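Step one of this worksheet: look at the structure below.
The values are calculated or read from the model by the stated rules, or taken from the named source; none is laboratory data. Remember, it's a predicted structure, so these values are computed and weren't measured experimentally. Glycine gets a Cβ as well: all are built from the backbone with ideal geometry, and neighbour counts include every protein chain shown. Heavy atoms of the whole protein, side chains included, go into the accessibility calculation; ligands, DNA and RNA do not. Shrake-Rupley method; radii C 1.70, N 1.55, O 1.52, S 1.80 Å.
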Amino acid sequence: MLKMWATVTTVINTALAVAGLGVAGYAVTAKPRFALFYYGVAFICVLGAGVGFVNLWFLNEAVRRKEEKDRPIREERERKKAERAAKKAEREAARAEKEAAKAAARAQEEAAAQAAETALLDQPEDQPEDAPEETTPTEPPPEEDGDVTVL
């Protein structure tokens, strides 16, 4: 609020000074009986601007003192804001870590499923999955009795 008042005061003081100098310039060309009136108005305007600019120094000092007084409060607000941002970043990191773990688990499940599917494709189709391999009894080779061959 004080900063805004300082800005408004600066604008008003400048306008008063310009108006006073303008009226003084017009007083030079005015008729003699009104010249004193114009010089009086110009003097009041310039005097008001001068007092305003001196007052502006005091107003700026008040703004500076208020800012110094409010600095610890502002720094505390900024510190709390930084803490909230850090907590939010930690929560986001934890959430991202959970999502990464879930994605890794899904990828591992998919890899296991694909490995099982590949294993199924590699098995011969005529052999059932769980049935043990049947062995056929083999006949002992025929004994040879010399020269006789049995047909």
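Data for the structure
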quantity	calculated
Positions within region 1-44 being touching a residue at least 24 places away in the same chain (Cβ under 8 Å), over 51 Å from the mean Cα position of the chain (by Cα) and open to solvent by less than 40 Å² (accessible area, probe 1.4 Å), in sequence order	G20
Region 1-43, residues that are small (G, A, S) and closer than 25 Å to V63 by Cβ	A6, A15, A17
Any hit, region 48-66, residues being within 30 Å of Y26 (Cβ to Cβ), assigned to a helix (DSSP H, G or I) and open to solvent by 100 Å² or more (accessible area, probe 1.4 Å)	no
Hits in region 29-75 - residues which are closer than 27 Å to V11 by Cβ and aliphatic (A, V, I, L, M)	V41, A42, I44, V46, L47, A49, V51, V54, L56, L59, A62, V63
Condition check for E68: without any contact (Cβ under 8 Å) to a residue 24 or more places away in the chain and under 26 Å from the mean Cα position of the chain (by Cα)	no
Selected residue (only one of V8, V41 is at pLDDT 80 or above and more than 30 Å from K66 (Cβ to Cβ))	V41
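Table: residues versus (1) under 30 Å from M1 (Cβ atoms); (2) at pLDDT below 60; (3) among the acidic types (D, E).
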| residue | (1), (2), (3) |
| --- | --- |
| R74 | yes, no, no |
| A89 | no, no, no |
| E92 | no, no, yes |
| A104 | no, no, no |
| E110 | no, no, yes |
| E117 | no, no, yes |
| L121 | no, no, no |
| A131 | no, yes, no |
